[in-house]
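Peer 1: One structure, as structure tokens, below. Some questions next.
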Amino acid sequence: MRFENKTAVITGASRGIGLATAKKLASEGANIAVLYVGNTEEGENAKKELEALGVKVGLYYCDVSDFEASKSVVDSIINEFGGIDILVNNAGIIRDQVVLNMSENDFDAVINVNLKGTFNMIKHTYQQFRKRRGGRIVNVSSVVGLTGNAGQVNYSASKAGVIGITKSTAKELAAKGVTVNAVAPGFIMTDMTNTLSDRVKEQFTSVIPMRKGGRPEDVANAIAFLCSEDASYITGEVIRVDGGLAM
Ligand code: NAP
């Protein structure tokens, strides 16, 4: 029970990697604030699943790209849970196109959710982390933030930016006992990758040294490690969870 009496805020926790992370932390005692933006039924289902693990769960509608809305949700969580110990910035979207066909809207939308959303959540929780003199922030980047990828200029730029935010915030908060790290997943089997054709999925997995896609739980396990006491002397690090794809 590594997270007993801790409160974890997880953005995009209604499904995929976010939900797997919420379940992992809850199964080890963490109370969870689930942030979602799309499907309320999915959010309610996630809440029920997590409550069944015996922890306190709050469900919050929050578009992380909205500066004011994310501030008011963070304030509510601090009121209702008494403080935040763990922040996992997981919410993310894709709008893939080669540059030639990428619209300004597609570029802005991805940067606003993936990069600005991460900034917004860190900005609004920053002061309470400093005052508590402790805590964990884990940002979900991507291997394409390290390597780039054709058709993902917006996404790879946002995820490279997330690594920049991670390292800069880690330097700012290290002396306050707050660690800030990132995970960089490779090809993980969630709704985000389910939309790809079987042919494209096969192309992806054929270049992964482990010859298979990852499970959301594989990423959740790495996030949980970074949130735990075992990782207390690790900050500003990026852990790839990719079956060897980007080594
Ligand atoms: P997913 O299944 O599509 O889930 C995305 C989550 O983000 C959903 O819970 C969604 O909420 C939430 N979300 C989207 N826009 C949001 C916004 N504006 N405000 C708040 N929440 C928002 O994706 P996933 O595969 O689990 O991905 C999770 C993270 O891992 C993302 O940052 C993604 O970029 C990263 N990642 C994924 C892979 C992969 O292969 N799957 C690889 C590398 C990195 P709703 O359900 O309410 O829409």
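Peer 1: In segment 17-44, which residue that is among the hydroxyl-bearing types (Ser, Thr, Tyr) and within 23 Å of Ser70 (Cβ to Cβ) is least open to solvent (accessible area, probe 1.4 Å)?
Peer 2: That would be Thr21.
Peer 1: Still on this structure, please answer the following. Just name the residue that is farthest from the ligand (Cβ to nearest atom) out of those in segment 98-115 that are of a type outside the set (A, V, I, L, M) and open to solvent by 70 Å² or more (accessible area, probe 1.4 Å).
Peer 2: Ranking the qualifying residues of segment 98-115, first place goes to Asn101.
Peer 1: Does Ala13 meet the test of being open to solvent by less than 70 Å² (accessible area, probe 1.4 Å) and in contact with an Asp or Glu (Cβ under 8 Å, 6 or more places away or on another chain)?
Peer 2: The answer is no for Ala13.
Peer 1: Same structure again: Within segment 131-247, which helices (runs of 4 or more DSSP H) (wholly inside it) include 3 or more residues that are away from the ligand (no atom under 12 Å from the Cβ)?
Peer 2: It comes to 153-173, 198-206, 216-227.
Peer 1: When segment 138-197 is examined, which residues are found to be of a type in the set (Ser, Thr, Tyr) and over 22 Å from Gly18 (Cβ atoms)?
Peer 2: Thr147, Ser168, Ser197
Peer 1: Answer yes or no: is there a residue in segment 45-62 that is out of contact with any His (no Cβ under 8 Å at 6 or more places or on another chain), open to solvent by 20 Å² or more (accessible area, probe 1.4 Å) and at pLDDT below 95.
Peer 2: Within segment 45-62, not a single residue is out of contact with any His (no Cβ under 8 Å at 6 or more places or on another chain), open to solvent by 20 Å² or more (accessible area, probe 1.4 Å) and at pLDDT below 95.
Peer 1: Is there any pair linking a residue in segment 77-106 that is within 16 Å of Ala13 (Cβ to Cβ) and free of Cβ contacts under 8 Å to residues at least 12 places away in the same chain to one that is open to solvent by less than 30 Å² (accessible area, probe 1.4 Å) and assigned to a loop (DSSP other than H, G, I, E, B), with Cβ under 6 Å and at least six apart or on different chains, and which?
Peer 2: As it stands, the answer is none, since no pair meets every condition given.
Peer 1: I'd like to verify a number: residues in segment 188-237 that are surrounded by fewer than 16 Cβ atoms within 10 Å (Cβ to Cβ), touching a strand residue (DSSP E or B) at 6+ places or on another chain (Cβ under 9 Å) and charged (D, E, K, R), how many?
Peer 2: 2
The values are calculated or read from the model by the stated rules, or taken from the named source; none is laboratory data. These numbers come from a predicted model, not from an experiment. All Cβ positions, glycine included, derive from the backbone under ideal geometry; neighbour counts span all protein chains shown. Calculation scope for accessible area: heavy atoms of the full protein, side chains included, ligands and nucleic acids excluded. Shrake-Rupley method; radii C 1.70, N 1.55, O 1.52, S 1.80 Å.
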